[in-house]
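Working notes for the structure below.
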Amino acid sequence: MRHRKAGRKFGRDWQERKAMFRQQAISLILNERITTTEAKAKSLRPVVEKLITIAREDSPFHRKLVLDRLVHKVARDKLFDIVGPRYEGQNGGYTRIYKLGTRRGDGADMAMIELI
């Protein structure tokens, strides 16, 4: 039974999942739009939205928090200089997911996640 075991594992252990979401978050912040599977896009959304919420208020402590999670200085600077101020008065809903159909090779449901 898998009662109370929420979340997707993606066939990875926790370190690999954390690294995957870190890299996808960096790509989404730098490019503002990425194409991935639908399940990964749905799991990536809360990760990115929490980072943007932190970045709306620029302070040394918040910059350190984001850098601890992203480990990419260019992405951190873009998040605080461009992306964070864009959503200053908005209380969430910073991303949008479009469904794209199935991937030709394995039939996986594909989606595009972008910053609004």
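General remarks:
- Test for Glu114: is it within 12 Å of the chain's Cα centre (by Cα), of a type in the set (Asp, Glu), outside any helix (DSSP H, G or I) and farther than 20 Å from Arg8 by Cα: yes
- Of the residues making up the stretch 87-116, those that are under 18 Å from Glu32 (Cα atoms), β-branched (Val, Ile, Thr) and modelled with pLDDT of 95 or more are Thr95, Ile97, Ile113.
- Selected residue [free of Cβ contacts under 8 Å to residues at least 12 places away in the same chain and either under 27 Å from Ala6 (Cβ atoms) or under 10 Å from the mean Cα position of the chain (by Cα) (or both)] from Lys64, Lys50, Lys99, Lys73: Lys50
- For Arg103, the criteria (1) basic (Lys, Arg); (2) out of contact with any His (no Cβ under 9 Å at 6 or more places or on another chain); (3) surrounded by 14 or more Cβ atoms within 10 Å (Cβ to Cβ) hold in every case but one, which is (3).
- The stretch 34-89, subset part of a helix (DSSP H, G or I) and among the polar types (S, T, N, Q), residue nearest to Arg22 (Cα to Cα): Ser43
- Glu16 of a type in the set (Asp, Glu), touching a residue at least 12 places away in the same chain (Cβ under 8 Å), surrounded by 12 or more Cβ atoms within 10 Å (Cβ to Cβ) and part of a helix (DSSP H, G or I): no
- Count of residues meeting criterion [exposed (fewer than 11 other Cβ atoms within 10 Å of the Cβ) and farther than 17 Å from Ile26 by Cα] in the stretch 63-91: 3
The values are calculated or read from the model by the stated rules, or taken from the named source; none is laboratory data. Being a predicted model, the structure only gives us computed values, none of them experimental. Neighbour counts run over all protein chains shown; Cβ positions are idealised from the backbone, glycine included.
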